[in-house]
Amino acid sequence: MAPEKFHFISGLPRSGSTLLAALLRQNPRFHAAMSSALAPLINANLDIMSSGHEVSLLMAPEQRPEILRSVARTFCQTSTDREIFFDTNRSWCAKMPLISDLFPGAKVIACVRDVPWILDSLERLFRRNPYENTRLFGNDGERATVYSRMESLARHNRLVGYPWTALKEAFYGEQAKDLLVVDYEILAKSPEKTLRLIYKFIDEPWYDGHDFDNVEYDAPKFDEALGVDGLHRVRPKVAFQARKTILPPDLFHKFENMDFWKDTSGSAASVIVPTQNGLNPADLAKKLSNSGNF
């Protein structure tokens, strides 16, 4: 049986998307996991049906969306028998118009974190295994020093820069009302309150069986292939761990103030982010309930 509903998890790396998927999949009605093959399959089929390929001359325009929907349904149906399918991929934020047309009613949940801390987290993973030339970098020049590593990851077509620009496009785009931005700090500090707001955003009844002290997720074979051990490993207990950065101060400061999602004045997106006065989930829930975006 094909899933009844589709939703999507996207946003920035090292910002809680795997943790969110691990929490959502505790609900027996929900399927959620790390990045899947669905987005590449959609992109590949879309590419071959687009102008410039002979196939595009042999198809009627109305066939394209039906074929892509069939690809998605078949992929999901053969992946799970659960009712609601959450697919994870960094590229979904750049595909909001496509999602809106293919899957009416679908929501996109974008996990975010301050960019310097994302880079700090990736640098920690890199240093954890000095005997591995991870595939996160294309050559010795990119991986040479912390400066070259962070600069390469932040480029607009790379691991951090690409999803950041995709999120910015979605945040200010026409389909922003279908976007929910979730800050990692709030998810880690108050997982139940945050998850309840997510349930409200996707219009699903709350599931009482969530266990925030026993969360399971790991993808060791995938991470091993990338040469980045622990990239998708989730700690059993949901908690926020404060730490000092290992980045040089000038490098850390260079990537500060990139959190555009904290100012919603020009966007119809919904956000769950820390307030200037600190974390207050109760006040935050009230504010979101009154915002009209839910």
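Projected onto the charge dipole of the range 135-217 (+1 at Lys/Arg Cβ, -1 at Asp/Glu Cβ, origin at the Cα centre), which of SER148, HIS210, PHE171 gives the Cα projection farthest towards the positive end?
Among SER148, HIS210, PHE171, the one farthest towards the positive end of the dipole of the range 135-217 is SER148.
Quick one: among ALA44, ALA21, ALA32, which has the greatest mean-square fluctuation in a GNM of the chain with alpha-carbon springs under 10 angstrom?
Looking only at ALA44, ALA21, ALA32, the biggest GNM fluctuation is shown by ALA44.
How would you rank SER36, SER270, going from fewest to most other Cβ atoms within 10 Å of each one's own Cβ?
Working: SER36 18, SER270 24.
Fewest-to-most Cβ neighbours within 10 Å comes out as SER36, SER270.
Of (i) 29, 25, 20; (ii) 24, 23, 21; (iii) 26, 25, 18, which one was derived for semi-axes √(5λ) of the Cα gyration tensor in Å from the structure shown?
(i)
Which order do HIS31, HIS7 fall in if you start with the one that has the fewest other Cβ atoms within 10 Å?
Ascending Cβ contact count within 10 Å gives the list HIS31, HIS7.
What three numbers, in Å, describe the spread of the alpha carbons of the range 121-168 along their principal axes, ordered from the longest?
Dimensions of the range 121-168 along the principal axes of its Cα atoms: 35, 20, 17 Å.
How do ASP101, ASP208 line up, fewest other C-beta atoms within 10 Å first?
Fewest-to-most ranking of ASP101, ASP208: ASP208, ASP101.
Assuming a ≥ b ≥ c are the square roots of the Cα gyration tensor eigenvalues, decide whether the range 132-196 counts as rounded (a/c under 1.5), prolate (otherwise, with a/b larger than b/c) or oblate.
Working: a/c = 3.78, a/b = 1.71, b/c = 2.20.
Oblate, because a/c is 1.5 or more while a/b does not exceed b/c.
With +1 assigned to the C-beta of every Lys and Arg and -1 to the C-beta of every Asp and Glu, and no other charges, what is the dipole magnitude of the range 90-222 about the Cα centre in debye, to the nearest 20? Before the final figure, lay out the partial values.
Numbers: 19 positive and 21 negative charges, 91 e Å.
Roughly 440 debye for the range 90-222.
Which value, in debye to the nearest 20, gives the size of the charge dipole of the chain about its Cα centre, when Lys and Arg are +1 and Asp and Glu are -1 at the Cβ?
Working: 36 positive and 37 negative charges, 107 e Å.
Roughly 520 debye for the chain.
Return the loop-located chymotrypsin sites (Phe, Trp or Tyr not before Pro) in the range 65-158 (DSSP other than H, G, I, E, B) with at most 13 other Cβ atoms within 10 Å of their own Cβ; answer none if there are none. Working shown, then result.
On the way: sites: PHE75, PHE85, PHE86, TRP92, TRP117, PHE126, TYR131, PHE137, TYR147; in loops: TYR131, PHE137.
The qualifying sites are TYR131.
No value in this document is a laboratory result; all are computed from the given coordinates. Everything numeric here is computed off the predicted structure, so don't read it as measured data. Reconstructed Cβ throughout: ideal geometry from the backbone, glycine too, with neighbour counts over all protein chains shown.
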